[in-house]
There are 2 protein chains.
Amino acid sequence: MTRSLSGVQSVLRAIRLLKMFTDAHPEWRLKDLARAVEMNKATTYRLLSALEAEGLLVRDTRTGAYRLGPEIIALGGRALRSNDLRSAGYAELEWLASAAGEAATLEILVDDQVLILEEIPASHLLAPWQTIGTRHPAHATSTGKLLLAFLPPHERTAHLHPPLQRLTEKTIIDLEALEKQMALIRAQGYATAIEELEDGYVAVSAPVRNHDGEVVAAVSIGGPITRLNAGRLPECIELVRQAGRRISERLGFREHLAESVEHVGADVAKGERRM
Amino acid sequence: MTRSLSGVQSVLRAIRLLKMFTDAHPEWRLKDLARAVEMNKATTYRLLSALEAEGLLVRDTRTGAYRLGPEIIALGGRALRSNDLRSAGYAELEWLASAAGEAATLEILVDDQVLILEEIPASHLLAPWQTIGTRHPAHATSTGKLLLAFLPPHERTAHLHPPLQRLTEKTIIDLEALEKQMALIRAQGYATAIEELEDGYVAVSAPVRNHDGEVVAAVSIGGPITRLNAGRLPECIELVRQAGRRISERLGFREHLAESVEHVGADVAKGERRM
DNA sequence: GATGATGTTGCACAATATGACACGATCCCT
DNA sequence: AGGGATCGTGTCATATTGTGCAACATCATC
């Protein structure tokens, strides 16, 4: 897993520390953190101090515990703003959300999870950033399965770390079943996930392609199964696919190239990977 | 400039690299970046590779240029969710209270009232936390007027339920007069309330902005008119504004973005921005 | 197909990051 | 309040790790 990157041990360690600050555990004390990452207390201390000095972490003035700092927030904002995918997607996402009357998201694949780049909530409750930046297991979401499906086969394994976690009764945790599902998704050009991530939650997604025809993101709508029932699903699928096509167009994708692109995409992606 | 932090050179360098990715220059090529930070090309390369391997940076598949990556977005989201106003504000509020020698508060707008989120009492008075959680009519407080002033016009009406209650002789209860006052507040960047809430009570407040430049809260100091008289007001205003800026920074707001954010916001988040 | 520019890797050296230890502060428990 | 345990911070010797140099590979341009 860890590449033979040499000469950057301390940087990797510092990043490892940063990544320990999750939603589940947003605050760490030196001792616990040092033990959790199995590093010397003094070393951890120095790294944390450096991160703090640079504003990537802050300490609670009272307890002395570390948290993610303002500089991370600022960097995150910049990362979001410099993401042309997100700006290309925003308008269409808005359209999609209002056309479908459900929450719409734009997501990408990161390791074995999907990351929410942009979200338009269903109601008019403006809650920006509430879910932007959050992640879900790829195998349990419509977007994740779709993004995996359009990956070159040999890359796919790198994005799946069995055993797959079961989140609901309907979560697909069998690799073979997942492969079949992905073949279907490729053939259909869209994906669904019905109560696979959470009981009562349904989502539908479609691919977003860049100028090269490569699938770089997924658009989706999601909502309660009571609203997104079998009767309404076909309509929703059509809407999501349309949104996906439109965002792709904004990224320079031209429909009529679709056929030839499939192999080119596979080749290109294959060639530029390591070794 | 660099403190006596030793044993973390490479980490500091890596962070320096990260921070080079600004809104003005969101994309870097190895060579330019190496030159810009005055580091050896190979060293820069290794650091960038490490950051890329960890997902903090991504490379453009065709040009090979580096950009901020998804992991930064994810971290930013977490930082935002874990860094609430209160903890961000506490330290600065303490500073403000001791610098001004008066009670300092952090407040947000809830319906037509302001809610005190955090308070540091004046140095000589006792009774800590006595007012946390209490509310005052927005139109009669410096913080309330300020928070209203920075709201989009159409939202403002939802936060004002005429007829406005008269609390002292100086309370502004005329909507037009209030509008004028708010225009002034926007122009000045701070607000005052002199005996508008209570006879003999004076307060000064300044805005707190989040990573998007949105005004999400107000800091203020308040005290008896005998101490907070015309002579001391300018000094107090400066202190409050400074505290406001510092808290904003902790929330990820970057001063130099102030202008650009305004129109990016117009594109991206149509509803929640003013103008 | 040659030329230049940019990105990547190998290697030797020493500066840098590391862990062990010790001191100091703070919290907690009785 | 006192005394003990726990956690954070500083020091120092050591060799591991990060560094710069320079050669090599790759890509774009003409």
To the nearest 20 debye, the range A:83-271 has a Cα-centred charge dipole, built from +1 on Lys and Arg Cβ and -1 on Asp and Glu Cβ, of 160
For B:Lys170, counting only aspartates and glutamates whose alpha-carbon sits under 13 Å away and dropping same-chain residues fewer than eight positions off, the answer is B:Glu195, B:Glu196, B:Glu198, B:Asp199
Entries of A:Lys41/B:Lys19; A:Lys19/B:Lys19; A:Lys19/B:Lys31 with Cα pairs more than 24 Å apart: A:Lys41/B:Lys19; A:Lys19/B:Lys31
From the label point of B:Glu38, set 7 Å along Cα to the beta carbon, how far off in nm is each other copy's matching point, shortest first? 4.1
Most fluctuating residue of A:Arg209, A:Arg16, A:Arg227 in a GNM of chain A with Cα springs under 10 Å: which is it? A:Arg16
Taking only C-alpha positions in the protein assembly as shown, Rg and Dmax in angstrom work out to 25.9, 80
Average partner chain C-beta neighbours within 10 Å, per residue of B:49-56? 6
Within a Gaussian network of chain B (alpha carbon springs, distance under 10 Å), most fluctuating of B:Ala97, B:Ala206, B:Ala79: B:Ala79
Against the longest principal axis of chain A, how steep is helix A:70-81, in degrees 0 to 90 to the nearest 10, with axes from Cα atoms? 20
Any idea what the dipole of the protein assembly as shown comes to, in debye rounded to 20, about its Cα centre with Lys/Arg Cβ at +1 and Asp/Glu Cβ at -1? 1920
With everything on Cα atoms, drop me the angle between helix B:175-188 and the longest principal axis of chain B, reported from 0 to 90° to the nearest 10. 40
Heads up, I need the accessible area for A:Met20: 1.4 angstrom probe, whole protein in place, Å², nearest 10. 50
Partner shielding of B:17-28, as the mean number of partner chain Cβ atoms within 10 Å, equals 3
Can you pull the mean other chain C-beta count within 10 Å for peptide B:62-74? 6
Most fluctuating residue given options B:Thr143, B:Thr61, B:Thr43, as computed from a GNM of chain B linking Cα atoms under 10 Å: B:Thr61
Would you mind pulling out the separation of the Cα centroids of the range A:34-64 and the range A:183-221, in Å? 40
As computed over chain B, the Cα convex hull volume per residue (Å³): 163
Measure off, as a whole percent, the carbon and sulfur share of the 1.4 Å-probe accessible area of the range A:83-271, all protein chains present. 55
Positive end of the dipole of the range A:9-72, charges at C-beta (+1 Lys, Arg; -1 Asp, Glu), about the Cα centre: which of A:Leu17, A:Leu68, A:Gly55 has its Cα farthest in that direction? A:Leu17
Please compute the per residue accessible area over the range B:83-268 with all protein chains in place, 1.4 Å probe, rounded to a whole number of Å². 44
Helix A:41-53 sits off the longest principal axis of the Cα atoms of chain A, rounded to the nearest 10 on a 0 to 90 degree scale, by 70
Between the label point of A:His211 and that of the same position in each other copy, find the distances and list them shortest first in nm, with every label point placed 7 Å from Cα along the Cα-to-C-beta direction. 2.8
At a probe radius of 1.4 Å, figure out the A/B buried accessible area, summed over both chains, and give it in Å² to the nearest 100. 5200
Along Cα→Cβ at 7 Å, what distances in nm separate the A:Glu27 label point from those on the other copies, shortest first? 4.2
Over chain B: helical MRE at 222 nm, DSSP H runs n ≥ 4 each giving -39500 (n - 2.57), nearest 500: -13000 deg cm²/dmol
Residues of the range B:184-216 with accessible area at least 40 Å² lower in the all-protein-chain context than alone (1.4 Å probe)? B:His211
Along the range A:112-118, Karplus-curve 3J(HN,Hα) (6.51, -1.76, 1.60; θ = phi - 60°) to the nearest Hz, with x for Gly and Pro, reads 9, 10, 9, 10, 7, 8, 8
Let me have the relative contact order for the range A:83-271, percent, based on Cα pairs under 8 Å that are six or more residues apart. 21
Row for the range A:9-72, column shape: gyration tensor on C-alpha, a ≥ b ≥ c, rounded if a/c < 1.5 i.e. under 1.5, prolate if a/b over b/c, else oblate; value rounded
Can you tell me the accessible area per residue over the range B:9-79, all protein chains present, probe 1.4 angstrom, in square angstrom? 43
If you take the charge dipole of the protein assembly as shown about its Cα centre, with +1 on Lys and Arg Cβ and -1 on Asp and Glu Cβ, which of A:Ala104, A:Ile172, B:Leu33 is farthest toward its positive end? B:Leu33
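The values are calculated or read from the model by the stated rules, or taken from the named source; none is laboratory data. As the structure is a prediction and not an experimental result, all values here were calculated from the model. Note: ideal-geometry Cβ built from the backbone for every residue, glycine included; neighbour counts use all protein chains shown. Keep in mind that these areas ignore ligands, DNA and RNA; they rest on the heavy atoms of the full protein, side chains included. Shrake-Rupley method; radii C 1.70, N 1.55, O 1.52, S 1.80 Å.
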